Every structure is written in C-alpha cells, then in structure tokens.
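The numbers here are math on the coordinates, done by the rules we state, and not lab data. Since this is a predicted model, take the numbers as computed values, not measurements. Because the Cβ atoms are built from the backbone with ideal geometry, glycine has one as well, and the counts that use them run over all protein chains shown.
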Amino acid sequence: MNTVKTAMLLAALTALFGAVGYLLGGANGMMIALGLAVVTNLFAYWNSDKLALAAHGAMEVDEGTAPELVGMVRDLAARAGLPMPRVYLIDNPQPNAFATGRNPENAAVAATTGILQMLSYDELAGVMAHELAHVRNRDTLIMTVSATVAGAISTLAQFGFLFGGRGDDRPNPLVMIGTALLAPIAAMVIQMAISRSREYEADRLGAEICGQPLALASALAKIEGAVHHIPNLDAERHPATAPLFIVNPLSGGGMDSLFSTHPATENRIAALEALAQELGAQPRRQHGFLGQGAASPWGPVPRRGPWG
C-alpha cells in the first residue's frame with residue numbers, strides 16, 4: 001500500500017510540475033523548466049549523497065576507527081541482503097541518523113556522535129537497520145527525485161514572470177501570483193507526504209532486519225525526546241536534508257501534519273509495538289551500548305571489540 005501511495009504522490013508531483021509550467025509560461029515555459037529539471041535531476045542522482053554528507057560534515061569511518069559501529073552495519077547489511085555501505089560519523093550532539101545514495105551499491109549510512117552516546121546497543125542496531133531498510137527500498141533515490149522536482153516547481157514559480165508569455169499569451173497576473181505562492185506549498189506538501197509514507201515502511205522492514213521492533217521503538221522515543229532540546233544547526237542551515245533523518249532534526253517538528261517531514265513518532269512507536277505483538281516479542285531490558293541485549297530471532301548482533 002505504501003509503495004502504491006508513493007507512486008501516486010510522485011505522479012501527483014510530476015503533474016503539478018506540468019500544470020505550473022503551463023500556467024506560468026504555456027508550452028514553451030513548461031519545456032524550458034522541464035529541461036532545467038532534467039539537468040538538476042541528473043546532477044542530484046550522481047551527487048546527492050556527497051552533498052548530504054558534506055552538508056553535515058560527515059567523516060567516513062572504518063573497522064580501524066569505529067570497529068563496533070562498522071561491524072554492526074556489516075552484520076545488519078548481510079541480514080538485509082545488501083552490499084556493505086560506507087559508514088560515516090557526524091560530530092553533532094543531537095541523536096540522529098540518515099542514509100543516502102542513489103542505489104544499494106553506492107549507499108552510505110551516517111550516525112551522529114549524540115546517538116552513539118544515548119542509545120543502547122540494541123536500540124542503535126534498530127536505527128541502523130531502519131536506515132538500511134531505506135537503502136533496500138531505494139527510498140534515498142525516491143527522496144532525491146521528489147526533492148528535486150519540488151525544488152524545480154518552486155524555481156519555476158519564482159521565475160514565472162520570466163517564463164511567461166508575451167502579449168495576449170501572457171497569463172493573467174492574478175493567476176501567476178497565485179501560482180507563485182501556492183505551487184511551492186503544494187509541492188512541499190506532496191514531498192513531505194512521500195517522506196512520511198516511506199518512514200512507516202522503513203520502520204517495519206528495519207524491525208524485521210534487526211529482529212527487535214521494541215528496540216527500534218525505544219530508540220525512536222529517546223531520539224524524539226532529545227531532538228527538541230538539542231538543536232542541529234547543520235540541519236537548520238540545510239532543511240532540505242531533513243526528510244533523510246530517522247526523526248525530523250528541525251526544531252518544532254514531530255507533528256503528523258501536512259507540513260511535517262515525518263509521521264508522528266508516537267504513531268510509529270504504536271505501529272512497532274503492534275508488530276512486536278504480531279511477532280511475539282518480549283519486553284526488553286535496558287542496557288548500555290556495549291552491554292548484552294535481548295536475543296534476536298536471527299541471533300544477537302555480534303559485538304566487535306571496544307568502541308573506536
């Protein structure tokens with residue numbers, strides 16, 4: 001159902017793009033904007049991961065610099081049937097994480113230093129499994145496309161007068177003003193709806209990958225409680241990257257509304273608790289990151305040496 005919903009939302013975003021182009025500039029304006037959008041999409045397809053990681057100052061780590069995190073991701077990727085992604089650390093006190101990359105073969109996962117300090121081992125495994133679920137579902141590409149098309153719509157609306165027709169072909173000024181004001185809002189609403197639909201799917205698949213829905217639910221509760229008190233200045237400077245994170249990193253987010261990048265966290269937790277009941281999971285004990293966690297149906301995620 002979420003896949004169908006996402007396809008419909010992407011189609012709606014594309015249709016909105018065509019409608020805005022026609023309203024503002026007729027057929028010629030729409031073709032010019034479409035050409036620009038194609039170039040932008042191609043650039044984003046090849047460089048979106050680099051741009052997102054650079055925006056947050058992410059540093060790549062390996063078995064030598066962060067053995068436990070890298071080992072965890074390696075084991076979870078194997079469970080998910082994915083190639084080993086690149087692993088990054090972000091020096092930021094806000095607990096959060098995201099995945100990026102155009103396909104599983106060119107994927108990367110990033111975690112903040114804040115999330116490593118706050119979560120238990122099993123909770124962090126749930127978070128990283130969620131991010132790998134985005135990779136397996138190719139959500140990172142979907143979000144790149146939706147963000148690019150939404151950006152193209154906003155750009156087209158802003159330059160509507162430049163693309164407008166001449167003489168009798170020029171659109172009604174009221175129509176142009178209304179389109180310039182409302183089109184970016186409509187594009188943002190659709191983009192946020194796409195992001196929200198993919199989060200629910202990634203929660204479910206991530207819980208199945210790590211085998212512990214309640215661990216992921218506990219992680220979401222902790223992250224949600226912290227993001228409103230610990231600002232993420234890089235995310236505030238680059239709000240377009242907000243849909244990538246497991247929990248909205250922007251201040252004032254979290255409501256399940258039209259303008260939220262994510263579903264309400266309490267709704268996500270409720271869905272994970274329902275999944276736990278479906279799978280017959282038992283309540284978890286709380287442990288430190290390096291402690292022993294509850295067993296997964298696929299076996300515990302191996303611990304790999306001291307934290308690097």
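The Leu51 and Arg74 beta-carbon pair, evaluated with R₀ = 22 Å, returns a calculated FRET efficiency of approximately 0.30.
Applying 1/(1 + (r/R0)^6) with r as the Cβ-Cβ distance of Ala27 and Leu182 and R0 = 22 angstrom yields a FRET efficiency of 0.55. A cut-off of 5 Å between modelled amide H atoms, ignoring neighbours fewer than 5 places along the same chain, links Val61 with Val87, Tyr88, Leu89. A full extension of the chain between Glu63 and Ala15 corresponds to an added length of 12.7 nm, given 0.36 nm per residue minus the alpha carbon distance.
The calculated FRET efficiency for the pair Arg237 and Asn103, based on their C-beta separation and a Förster distance of 25 Å, comes to about 0.35.
With each label modelled as a point 7 angstrom along the Cα→C-beta vector, the Gln277-Ser251 pair spans 3.8 nm. Backbone geometry of region 48-63 corresponds, through the Karplus equation with coefficients 6.51, -1.76 and 1.60 at θ = phi - 60°, to 3J(HN,Hα) couplings of 4, 5, 4, 5, 5, 5, 5, 4, 10, x, 6, 10, 6, 10, 9, 4 Hz, x marking Gly and Pro.
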